[in-house]
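Note sheet for the following structure.
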Amino acid sequence: MKKYIKEFTKRGLMWGAWGGPAILAIVWLCLKAAGVVNVLTVDEVVYGIFSTIILGFIAAGISVVYQIESIPKGIAGLIQGGVLYIDYMVIYLLNGWLPADKILAFTIIFVAIFVIIWLCMYIPIRMKIAKLNKMLSK
């Protein structure tokens, strides 16, 4: 378990520290395009930077769940999806980026995109494994 916590931290620091501010810039551009945000205060900028670093840290780190061999990949996907959903939801609500009346829409969109991305990663890997197993059985 200690090695997974170490790996979680390493991944989070590698990607979270760099990805967080980039995510923040995208969120702010989307909010500006939607007419939600026009001007930001210094406090909003600082709070946004720190919260997206945390968001990125958790999002990058949770991928370590796939290295735990005792967890089936489907369960690992559910764990990753659940952690990401809670991570995003909390950060978005705390920053005021997601109005409370849009939680259902956010949830539907999140689940749909997560499942599509997960299947796009999972299916080719399963196909390669099947091909390798077939080659090994000859």
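Structure notes:
- The stretch 95-122 residues that are of a type outside the set (Lys, Arg), paired with ones that are not in a helix (DSSP H, G or I) (beta carbon under 6 Å, 6 or more apart): PHE106/LEU98
- Subset of the stretch 81-113 (residues that are aliphatic (A, V, I, L, M) and under 15 Å from the mean Cα position of the chain (by Cα)): VAL83, LEU84, ILE86, MET89, VAL90, ILE91, ILE109, VAL111, ALA112, ILE113
- When the stretch 100-111 is filtered for residues that are touching a helix residue (DSSP H, G or I) at 6+ places or on another chain (Cβ under 8 Å) and either modelled with pLDDT under 95 or surrounded by 13 or more Cβ atoms within 10 Å (Cβ to Cβ) (or both), the ones remaining, listed by number, are ALA100, ILE103, PHE106, PHE110.
- When residues of the stretch 27-57 are limited to those that are over 15 Å from GLY96 (Cα atoms) and β-branched (Val, Ile, Thr), the one surrounded by the most Cβ atoms within 10 Å (Cβ to Cβ): ILE53
- Taking the criterion of being charged (D, E, K, R) and either touching a helix residue (DSSP H, G or I) at 6+ places or on another chain (Cβ under 6 Å) or part of a helix (DSSP H, G or I) (or both), the only residue of the stretch 61-78 that qualifies is LYS73.
Listed here are the residues, each with its yes/no results for (1) assigned to a helix (DSSP H, G or I); (2) among the aromatic types (Phe, Trp, Tyr); (3) surrounded by 16 or more Cβ atoms within 10 Å (Cβ to Cβ).
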site	(1), (2), (3)
ALA59	yes, no, yes
GLN80	yes, no, yes
ILE91	yes, no, yes
LEU98	no, no, yes
ILE113	yes, no, no
LEU119	yes, no, no
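The values are calculated or read from the model by the stated rules, or taken from the named source; none is laboratory data. These figures come from a predicted structure and were not determined experimentally. Don't worry about glycine lacking a Cβ; one is built from the backbone with ideal geometry, like all the others, and counts go over all protein chains shown.
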